[in-house]
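Undergrad: Structure provided below as structure tokens; questions to follow.
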Amino acid sequence: MTFNPLKHVDPFGTIALPAILILTHAPFLFGYAKPVPVRFERLRNPRRDMVWVAAAGPGMNLLMATVAAFLLHMVGFLPTIAGQWMLANLVHAIELNVLLAVFNLIPLPPLDGGRVAVGVLPNALAAPLARLERYGIAIVIGVFFILPLIAARTGAHFDVFTKIIGGPTDAVIKAILSPPGIR
């Protein structure tokens, strides 16, 4: 375990892919880092415990979004300019953390949702899904980013990202901003 962010730099995902997207004037920016290493031999029940390890990232994103939502109540106590700045940052923190949580819960390895799915599905379904791990990032990039770009160049509208990620993200944000009993 290290706090050194350079240890997580992936040459393609952290440097090359964002650079390509910037240079090609893509309408989005996307990147990724090396996954946090897990020492499976230290897990008592590797299959079950990997579900908890995988769920920790999206869980933390949701916790940070919830904390940001609670901090929204403090904005009114700040001077106007500082309050506006804090409000904008808290709103972005909520949106970004929920978006990351929802995206990472897509049930495709190596995303966290894929690891959770492999841990909870029966072996007959988990094994083929686990074998997709080496192709997972390419599938995600292709379906969510490359295909929509190609479709846009042909005049078609193919926004899979908004269809799959947008609805759940909006629902989670709404739930965080309006806790039970408060309507």
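The values are calculated or read from the model by the stated rules, or taken from the named source; none is laboratory data. Please read all numbers here as calculations on a predicted model, not as lab measurements. Here the Cβ positions follow ideal geometry from the backbone for every residue, glycine too, while neighbour counts run over all protein chains shown. For the accessible areas, the whole protein counts, side chains as well, though only heavy atoms, and no ligand, DNA or RNA atoms are used. Shrake-Rupley method; radii C 1.70, N 1.55, O 1.52, S 1.80 Å.
Undergrad: When both residues are 6+ apart or on different chains and their Cβ atoms are under 7 Å apart, which pairs have a first residue that lies in the stretch 1-17 and is farther than 16 Å from residue 38 by Cβ and aliphatic (A, V, I, L, M), and a second that is modelled with pLDDT under 85 and open to solvent by less than 50 Å² (accessible area, probe 1.4 Å)?
TA: If the second residue must be modelled with pLDDT under 85 and open to solvent by less than 50 Å² (accessible area, probe 1.4 Å), the pairs left are 17/30; 17/31.
Undergrad: How many of the residues making up the stretch 96-113 are open to solvent by less than 30 Å² (accessible area, probe 1.4 Å), free of Cβ contacts under 8 Å to residues at least 60 places away in the same chain and in contact with a Leu (Cβ under 8 Å, 6 or more places away or on another chain)? Break it down into steps so the answer makes sense when it comes.
TA: So in the stretch 96-113, the residues open to solvent by less than 30 Å² (accessible area, probe 1.4 Å) come out as 97-98, 101-103, 106, 108-109, 111, 113.
Okay, now just the ones that are also free of Cβ contacts under 8 Å to residues at least 60 places away in the same chain, so 97, 106, 108-109, 111, 113.
Now restrict to residues that are in contact with a Leu (Cβ under 8 Å, 6 or more places away or on another chain): 97, 108-109, 111, 113.
Count: 5.
Undergrad: Of the residues that sit in the stretch 25-51 and are loosely packed, with under 12 Cβ neighbours inside 10 Å and hydrophobic (A, V, I, L, M, F, W, C), which one is modelled with the lowest pLDDT? Reasoning before the result, please.
TA: Looking only at the stretch 25-51, we keep the residues that are loosely packed, with under 12 Cβ neighbours inside 10 Å, and these are 25, 27-29, 37, 39-42, 44-45, 48.
If we keep only those that are hydrophobic (A, V, I, L, M, F, W, C) too, we end up with 28-29, 40.
On the way: 28: 73, 29: 78, 40: 80.
Within the stretch 25-51, the match that is modelled with the lowest pLDDT is 28.
Undergrad: Does the stretch 8-24 contain at least one residue that is at pLDDT below 90, assigned to a helix (DSSP H, G or I) and open to solvent by 90 Å² or more (accessible area, probe 1.4 Å)?
TA: For the stretch 8-24, residues at pLDDT below 90, assigned to a helix (DSSP H, G or I) and open to solvent by 90 Å² or more (accessible area, probe 1.4 Å): absent.
Undergrad: Looking for something in contact (Cβ under 8 Å) with a residue 60 or more places away in the chain, under 23 Å from residue 13 (Cα atoms) and under 21 Å from the mean Cα position of the chain (by Cα) - is there at least one such residue anywhere in the stretch 69-81?
TA: No, that holds for no residue.
Undergrad: Only residues that are hydrophobic (A, V, I, L, M, F, W, C) and either surrounded by 17 or more Cβ atoms within 10 Å (Cβ to Cβ) or within 19 Å of residue 164 (Cα to Cα) (or both): list them for the stretch 52-71, please.
TA: First, the residues of the stretch 52-71 that are hydrophobic (A, V, I, L, M, F, W, C): 52-56, 60, 62-65, 67-71.
Once the filter is applied, which keeps residues that are hydrophobic (A, V, I, L, M, F, W, C) and either surrounded by 17 or more Cβ atoms within 10 Å (Cβ to Cβ) or within 19 Å of residue 164 (Cα to Cα) (or both), the stretch 52-71 yields 53, 54, 55, 62, 64, 65, 68, 69.
Undergrad: Any residue in the stretch 51-72 that is in a loop (DSSP other than H, G, I, E, B) and at negative phi? Walk me through it before giving the result.
TA: Step one: list which residues in the stretch 51-72 are in a loop (DSSP other than H, G, I, E, B), which gives none.
No, the conditions are met nowhere in the stretch 51-72.
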